[in-house]
1. Using a Cα-Cα cut-off of under 14 Å, which aspartates and glutamates could be cross-linked to LYS141, ignoring same-chain neighbours fewer than 8 residues away?
2. Run the numbers for LEU50 and LYS5: contour at 0.36 nm per residue of separation, minus the present Cα-Cα distance, in nm.
3. Please arrange CYS58, CYS130 by counting, for each residue, the other beta carbons lying within 10 Å of its beta carbon, fewest first.
4. Which entries in LYS11/LYS132; LYS132/LYS196; LYS6/LYS132; LYS11/LYS146; LYS132/LYS166; LYS11/LYS196 show an alpha-carbon gap greater than 27 Å?
5. If you project the alpha carbons of region 100-211 onto their three principal axes, what span does each projection cover, largest first, in Å?
6. How large is the direction-averaged shadow of the alpha-carbon convex hull of region 4-96, in nm²?
7. Between ASP63 and GLU159, what length in nm is gained on full extension when 0.36 nm per residue of separation is reduced by their alpha carbon distance?
Amino acid sequence: MAKKKKTALVKSQECLGDNVFSMWIEVGDMAREARPGQFISVYSKDGARLLPRPISICQLNRDNGELRIVYRVAGGGTREFSEYEAGDKVEILGPLGNGFPQVSQEKTVLLIGGGIGIPPMLELAESLSCTKQIVLGYRDKVFMNKEFESYGEVYIATEDGSTGTKGNVLDAVREHGLTADVIMACGPMPMLRGLKSYAHDQGIECYLSLEEKMACGVGACLACVCGTKDVDSHSNVRNARICKDGPVFRAEEVDL
């Protein structure tokens, strides 16, 4: 799958609340080539910001050649993106990285997203044809939860207890007695560490999408490495590039 840098067209932009924005971009063939779990790099128009911002793909409209990104304003680059309007042009590179695998229809999958790791789980939820249970974790204010309801039962956890289970996503999993053949998750590192341990203890196949600051986004600069274990030799530890070798890994392959 060839990655491409191109000038794309903003189709729409809206604020989902709490500095979280949703943008649809017209990207042509890129939308047909992309897969759930991959990301794009978005370039600033400010020449002082040399490095692009990696943003996960939230949804794909392959028929119209469009993709959706949902991101939180965290600095000058994303603040600039949040000011784009329909008709503006934006420079992007993608699709990048390796996404989530498909699973057989007979299996039950637990889809778990935390914070800004929630958006990439939407396209995955739509693409899987198996039974899905969906757990979404927030600090306080919820977003996008209604969009998941047509793909499976949705369970919510909030740190302040304002919606759903008070606590984290694992608290919600345990409270509702959720079980699955496979776990697929994206979110902050503490959440992923907890899920890796839980999956190991329960003997559940688990795939994690790692969130990490990136520079080049194509594996050249080695700015986003993580320790991985070569499962064939059981002893060889190496560094993997999250942007190129990931961002999705089998849980037992990565040192978190």
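1. Filter leaves ASP18, GLU159, ASP160.
2. Net length gain for the segment: 14.7 nm.
3. Starting with the residue having the fewest Cβ neighbours, the order is CYS130, CYS58.
4. Violating the 27 Å limit, Cα to Cα: LYS11/LYS132; LYS6/LYS132; LYS11/LYS196.
5. 36, 30, 27
6. In nm², the orientation-averaged hull projection of region 4-96 is 5.4.
7. 30.7 nm is the gain from fully extending ASP63 to GLU159.
Read-outs throughout are calculated quantities, based only on the coordinates presented, and are distinct from any laboratory measurement. Small disclaimer: the values here were computed from a predicted structure and weren't measured. A quick note on method: Cβ atoms are made from the backbone with ideal geometry, for glycine too, and the neighbour counts reach across all protein chains shown.
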